Every structure is written in C-alpha cells, then in structure tokens.
Amino acid sequence: MGLRDLLVYEFVPNKTLEFHLHENGQPVILWERRLKIAIGSAKGIAYLHEDCSPTIIHLDIKASNILLDPRLEAKVSDFGLAKIFLDASPYVTHISTRVMGTFGYLAPEYALTGKLTDKSDVYSYGVMLLELITGHRAIIELESSVNHSLVDWVTRALEDNDFEALVDLRLNGAYNNSKMATMVSCAAACIRQSAWLRPRMIQVVRALEDDISLTTLSNSSLNTSLEMFIQNARQCINNGGFSGHSESTSEYGLNLNPSGSSTESQKN
C-alpha cells in the first residue's frame, strides 16, 4: 500500500456548543462556563488569523462547529469550507469566492458580494457570542412562523432598553454584570455592518480577558448598572472600535500597509 499521510484529530467526546446550549433537556450552561467557551473559541479563531502562515479564514464559525471537551474547553472544528489567504501582499484586500456558510452567521458584505476576509469570521463569532448571551439560536423561530435573525432581535432589544429580554433567562440573574457588559460590547462590535470597524479576534480575546480597555466603545468606563450596560452595548454597534494597538484596515477588513490601497483580490 505504501506510505500515506494521515490527519490525526483529538477525540472530543462532549459534543458541541449548539447541543449544550440549545438541545432540550440539557443542563443550563453556567455563566462562568459561557465566558470560558467564549474566550476559548475566540483564541482558536485568533490563532487562525494571526499565527497561521498563511492566514486561514474558517468561513463557517457557528455553535455547531465549536466542540467541547469534558472540561468545556472550546475547540474550533470543521474546516471543510476554510480558505487559505495565500497572497501576503498588503495590496490584496480580500478573497473572491462563491458564497458559502450558514444562514444567520454570514457577514453582510460577504453574503452580498462574495468578498471574504478575516472580518467575515469576526462577524460570525459575534453571532455565536450573542447565542451564549441570549440562549437563542442564530435564527429565532417565532410562533407567527416569521423567523428573525438573532442580530436583528438583539438590535431591537437594545433600542427598546429591554435588558431582561437580552440575557438568557435560564441564568436567573446569576452572572457578573460587568463581565456581561464586556461580552455584549464585544458581540456588538463584532457584528458591525462595516467590516473595517469590526475588531480583530486578538482584540476580542484581550477584551474578554480584561487585558485592553473598551473605553472607545463609550465615553465612560463600563459600569455594573443595567442602564449603563445597555447604553454601552447599544453605542458600540454604531461607534468606533477597541482602544489599544490596531493596524490600518481596508473596507473589507484585512490589515493593510498604511500607505497602500487597492481593489485587487485573490481568487479562490
């Protein structure tokens, strides 16, 4: 038979985030564990974007593609749709590809144009983060048979100051308000309509771990009061990004040489 190359994967027996979060009869995931899963999955995506050479864009970040080990450590899985950003030129801003992925998680610019960047993954991660916060799926099925995206539902909840509707009621208020405010602010930053306003995944990791400030999302520091919580989360949908180091980015989101601009793309 000769020599063969084999891919050997870690056995992860504890199913997926989607299973634990959404399947009927499963125990409620406690707040501390949700934060741990959010940070772990963010680190996995940041590794693909920042540490892999060439850069890997996952293209299908969603709750069912986050595996959980017995300690609920998150593992990013299913690279069947992943794209490799082969061209390291600072003048190449995106990959042009056929639109693939999962409805409810697709970044709007990618769904409309097929132009894919690392910021497309950031958007999908933001939707998944909203699932951890709200306990709802990316597409919410209503009794009226009219389905709504979780992003639209959360946006309306913030506009209506409806805090109780935003956070998963199964938590029964057992969470840290300040940490929840940070998580909501991160999620809202990730789902911004404009790709270049979304943070890099490494910034999300640092924000969730309290290593960088979120002051540019608000004119004041985050507060534990519900009123300030809603204000901060609502503001970060429309305003600028995280404070701290951030390179210049193109409209589509990839890091660019500050002196360069281009409309070239990599076909894939």
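Given a Förster radius of 30 Å and the C-beta distance between Gln193 and Leu6 as r, what FRET efficiency does 1/(1 + (r/R0)^6) yield to the nearest 0.05? It comes to 0.10.
To two decimal places, what compactness ratio does the stretch 1-91 give when its Cα radius of gyration is scaled by 2.2 N^0.38 Å? Don't skip to the end; give the middle numbers.
Details: Rg = 15.9 Å, N = 91, 2.2 N^0.38 = 12.2 Å.
That works out to 1.30 for the stretch 1-91.
For the stretch 109-125, the Karplus equation 6.51 cos²θ - 1.76 cosθ + 1.60, evaluated at θ = phi - 60°, returns couplings of 5, 6, 4, 7, 10, x, 8, 10, 9, 4, 6, 5, 5, 4, 4, 4, 4 Hz by residue, with Gly and Pro reported as x. Each Lys or Arg adds one and each Asp or Glu subtracts one; over the other residues with Cβ under 9 Å from the Cβ of Ile57, this totals -1. Rounded to whole numbers, the Karplus 3J(HN,Hα) couplings from phi for the stretch 185-196 are 4, 5, 4, 5, 5, 5, 9, 4, 5, 8, 4, 6 Hz, using 6.51 cos²θ - 1.76 cosθ + 1.60 with θ = phi - 60°, and x at Gly and Pro. Among the GluC sites (Glu not before Pro) in the stretch 4-89, those located in a DSSP loop and surrounded by at most 11 other Cβ atoms within 10 Å of their own Cβ are Glu10, Glu23.
Give me the lysines in straight-line cross-link reach of Lys83: C-alpha distance below 23 Å, same-chain residues under 8 apart excluded. The reachable lysines, counting only those whose Cα sits under 23 Å from Lys83, are Lys43, Lys62, Lys75, Lys115, Lys119, Lys267.
Each value in this text was obtained by applying a stated rule to the coordinates, not by laboratory testing. Predicted model, so just to flag it, every value in this text is computed and none were measured. Neighbour counts run over all protein chains shown; Cβ positions are idealised from the backbone, glycine included.
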